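Worksheet for the structure shown next.
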Amino acid sequence: MLNLPGAWLDELNDQTALRADPDGRALVLSEMAHAAHRRRDVGDEDLVEMLEFAEAARLWALTETEFA
């Protein structure tokens, strides 16, 4: 079961920021995920999921800006 940090989820759900800078926001999400893992706030499986969500969000934002 996923137990993702609230601050990370807030960043993931910030669609305005994602659309404005898809690559930059994905980098921030990735860095936040790795930091949470280093602090042992999340385990290995959650880290993998967080990184996959960050990439999916980046691709979503790129698609949104391409067709806007």
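Scanning the range 46-68 for residues that are hydrophobic (A, V, I, L, M, F, W, C) and either surrounded by 13 or more Cβ atoms within 10 Å (Cβ to Cβ) or at pLDDT 95 or above (or both) yields Leu47, Val48, Met50, Leu51, Phe53, Ala54, Ala56, Ala57, Leu59, Trp60, Ala61, Leu62. Restricting the range 1-26 to residues that are over 23 Å from Phe67 (Cβ atoms) and of a type in the set (A, V, I, L, M, F, W, C) leaves a set whose member that is surrounded by the fewest Cβ atoms within 10 Å (Cβ to Cβ) is Met1. When the range 27-45 is filtered for residues that are in contact with a helix residue (DSSP H, G or I) (Cβ under 9 Å, 6 or more places away or on another chain) and surrounded by fewer than 10 Cβ atoms within 10 Å (Cβ to Cβ), only Asp44 remains.
The values are calculated or read from the model by the stated rules, or taken from the named source; none is laboratory data. On a predicted model such as this, the values are computed, not experimentally measured, just so you know. Neighbour counts run over all protein chains shown; Cβ positions are idealised from the backbone, glycine included.
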